[in-house]
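Before any comments, here is the structure.
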Amino acid sequence: MKQLTLSRSIPLDDSWDVIVLGGGPTGCTAATAAAREGARTLLIEQTGALGGSGTSALVPAWCPFSDLDKIIYRGLAEKVFEEAKKGIAHVRKDDLDWVPIDAEKLKRVYDRLVTDAGVTVLFHTFLSGVEMDGEDVDAILLSNKSGLTAKKAKVYVDCTGDADLCAWSGALFQKGDEDGSLQPATHCFILGNVDSYAYEHGAQLFWSNQKSPIHAILESGKYPEIPDKHICNNQVGPGTVGFNAGHIWGVDNTDPFSVSKALMQGRRMAAAYRDALAEYSPSAFANAFLVSTGSVIGIRETRRIVGDYVLTLEDYMDRRSFHDEICRNSYFIDIHLTKDEVRQKKPMWEVERVQRYKKSESHGIPYRCLTPMGLRNVLVAGRSISCERTVQGSVRVMPVCLAMGEAAGMAAALAITPTGADVHAVDTDRLRERLVEEGAYLPELKQKRFTSVQVPPEDGAAVTANNYDVQPIV
C-alpha cells in the first residue's frame with residue numbers, strides 16, 4: 001500500500017482529566033464513575049447513541065445479573081438494570097436473568113446516567129490516531145464533522161471493545177484462537193405485529209426445544225440465508241419480538257471491509273427469518289413484519305490486551321478470588337461454534353464442555369486485568385480485558401462489562417496525581433473501598449494474595465505467567 005505523508009496543524013484540546021473511548025455499557029459506567037470522582041470527563045462514541053450491544057446492536061435481553069441466588073453486578077450496573085426494567089409491563093420487578101431490553105428506553109437511561117454525573121459526550125466521533133510520549137498516550141486524534149482534532153487527558157480508558165486505543169498505542173494483545181479465528185457475529189433484529197398470545201404459549205422457538213420451528217426451517221432447505229439453529233428471542237414490547245439469531249462467520253470488527261459485508265448479509269438473514277417464521281410458525285408470525293435490524297452488528301470478540309495479569313480458565317474453574325478484584329462474575333463460558341462445528345452438528349455452545357457454576361458461585365476479576373503492560377496512563381475495560389480466550393467467552397457480556405467499567409473509571413480518576421498518572425500504581429485497597437461505598441459486590445476475601453510475573457514473549461507471542469504461591473492478604 002502506498003504511503004501518504006501529511007503535515008498540518010491540528011487543534012488541540014487539553015482540558016480533560018479522563019477521556020473514555022467507546023460509549024457502550026462499559027464506557028458509560030466508566031465515564032460516569034470518573035466524573036463522579038470529580039474528574040473532567042469526555043466520553044467519545046462513534047455512533048449516535050450510547051449503550052452499544054443493548055441499544056445500537058439490538059441485543060434483545062440482558063445476560064443474567066444473578067449468581068442464581070442474588071444480584072452480583074451491583075453499583076452502577078444495578079442502577080442501569082433497574083432503570084431499564086421500569087415501565088416494561090411484562091417484566092417483573094424481581095426478574096434478574098434474561099430480562100428483555102427496550103432499546104429506546106435503554107438509550108435514555110444511559111443518556112441520563114452520564115449527563116447527571118457531569119460527563120461531556122461527543123457522538124459520531126472516531127478515534128483516528130494516537131500520539132505517544134514514551135509509555136504515556138500524549139494525545140489522541142479524533143475525526144468527525146469538525147474535521148481532524150486532537151484531545152489530551154491525564155488518563156484514557158479504552159472501552160472500544162476492540163482495544164483500539166491500546167493496540168494503536170503499541171500494547172501487546174492477542175486475538176482469537178491459535179489460528180486467529182474469531183467467534184461469529186450476529187446481526188440482531190426486531191419483528192413487529194407478532195401475535196403475542198401465540199408467541200408466548202405456542203411458538204417455543206429456542207433451539208433446545210425439539211418442536212421449535214427452527215429445526216423444520218433448516219431441514220426444508222428453503223431458506224439458505226439461515227445458517228444454523230441459533231435463535232435466541234425475547235418479547236421486547238407488545239407484539240414485538242427481538243431476535244439474537246443466526247451466525248455470520250469471518251467477521252473481524254477491526255476490518256471495516258468484513259463488517260460492511262456482514263451488515264448486508266445480516267439484513268438478508270433477518271428478512272429470511274421473518275419469512276421462514278411466517279411459514280413455519282404462522283399462529284405467531286403470519287402477519288409479522290421486519291421492524292429494524294441493528295445499526296451495528298453484534299461482535300463477540302476481537303483483541304484481548306495483555307495486562308499485568310491474565311485471567312485464566314483455571315481461575316474461572318477454581319472460582320478464584322483476588323486481593324485486587326474489582327467485581328465478581330458468574331456468567332457461563334459462552335463460546336459460539338465455528339462453521340465447521342455447526343456442519344458437524346456439535347452442541348450449540350462450547351459451554352457444553354465446561355461445567356456451569358452452581359448457586360452462589362462466582363469468580364473475581366483482578367484490577368490488573370485492566371492495566372495494559374507497557375502503557376502508563378491507559379486502562380482497558382470490557383470484552384478486551386487481559387484474559388485467556390476461553391474466559392473471554394464469559395466476561396464479554398453486558399452485566400460484567402458494566403461492573404468493570406465503573407471500576408476502570410473510578411481507577412482512572414484515582415490514578416491522577418499532581419506529577420502525572422500511573423494506572424499501575426493505583427491503591428487498589430482504596431479503589432475497592434470506594435467501589436463498595438458505591439454499592440459494588442465485593443465479598444470479604446480469605447484467599448491468598450495473588451501476583452503476576454511477566455515473562456518475555458516466546459516466538460512473537462505475548463505471554464504473562466501468573467504466580468499464585470505468594471503472601472497471604474494482610
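About its Cα centre, the range 133-221 has a charge dipole of approximately 400 debye under the convention of +1 per Lys or Arg Cβ and -1 per Asp or Glu Cβ, with nothing else charged. Pairwise Cα distances in the range 11-54 exceed 12 Å for 57 percent of all pairs. Model label points for residue 70 and residue 4, set 7 angstrom from Cα along the Cα-to-Cβ axis, are 5.8 nm apart. Divided by 2.2 N^0.38 Å, where N counts the residues, the Cα radius of gyration of the range 101-226 comes to 1.62. Under 5 Å from the amide H of residue 138 lie the amide H atoms of 131, 132, 133, each residue being 5 or more positions distant or on a separate chain, with H modelled from the backbone and absent for Pro and chain starts. Here the dipole of the range 300-391 is about 320 debye; that uses its Cα centre as origin and unit charges on the Cβ of Lys and Arg (positive) and Asp and Glu (negative). Considering only 372, 19, 212, and ranking their Cα positions along the charge dipole of the chain that arises from unit charges at the beta-carbon of Lys, Arg, Asp and Glu, the one farthest toward the positive end is 212. You can think of it this way: the chain between residue 83 and residue 97 has 3.5 nm of extra reach, that is 0.36 nm per residue less the Cα-Cα gap. Computed from point charges on the beta carbon alone (+1 for Lys and Arg, -1 for Asp and Glu), the dipole magnitude for the chain about its Cα centre is near 960 Debye. Per-residue surface analysis assigns residue 264 an accessible area of about 110 Å², computed on protein heavy atoms at 1.4 Å probe radius. Note on the range 360-422: Rg/Rh from Cα positions, Kirkwood definition for Rh, rounded to two decimals, is 1.01.
Longer than 23 Å from Cα to Cα, which of 229/346; 79/154; 2/151; 211/345; 70/211 are they? Say none if no pair is. Checking Cα-Cα distances, 79/154; 2/151; 70/211 exceed 23 Å. Packing around the peptides 326-336, 372-382, 270-280, 131-141, taken as the average count of other Cβ atoms within 10 Å per residue, puts them in this order, highest first: 372-382, 326-336, 270-280, 131-141. Looking at the chain, send over the antiparallel percent of its DSSP beta bridges, to the nearest 5. If I count the DSSP bridges inside the chain, around 75 percent turn out antiparallel. Once divided by 2.2 N^0.38 Å, the Cα radius of gyration of the range 314-411 becomes 1.17.
With Cα atoms as the point set, the radius of gyration and Dmax of the chain evaluate to 22.1, 68 Å. Diffusion coefficient of the range 234-285 by Stokes-Einstein, Kirkwood radius over Cα pairs, 20 °C, 1.002 mPa s: 169 µm²/s. The angle separating the long axis of helix 76-85 from the principal Cα axis of greatest extent in the chain is about 30 degrees. Residues in the range 136-225 average 46 Å² of solvent-accessible surface per residue, probe 1.4 Å, ligands and nucleic acids excluded. The residue among 139, 33, 386 whose Cα reaches farthest toward the positive pole of the charge dipole of the chain, with charges on the beta-carbon of Lys, Arg, Asp and Glu, is 33. Normalised size of the range 187-330, defined as Cα radius of gyration per 2.2 N^0.38 Å with N residues, equals 1.29.
The values are calculated or read from the model by the stated rules, or taken from the named source; none is laboratory data. Quick caveat: nothing in here was measured; it's all calculated off a predicted structure. All Cβ positions, even for glycine, are placed from backbone atoms using ideal geometry, and neighbour counts span all protein chains on display. These area figures cover heavy atoms from the full protein model, side chains too; ligands, DNA and RNA do not enter into them. Shrake-Rupley method; radii C 1.70, N 1.55, O 1.52, S 1.80 Å.
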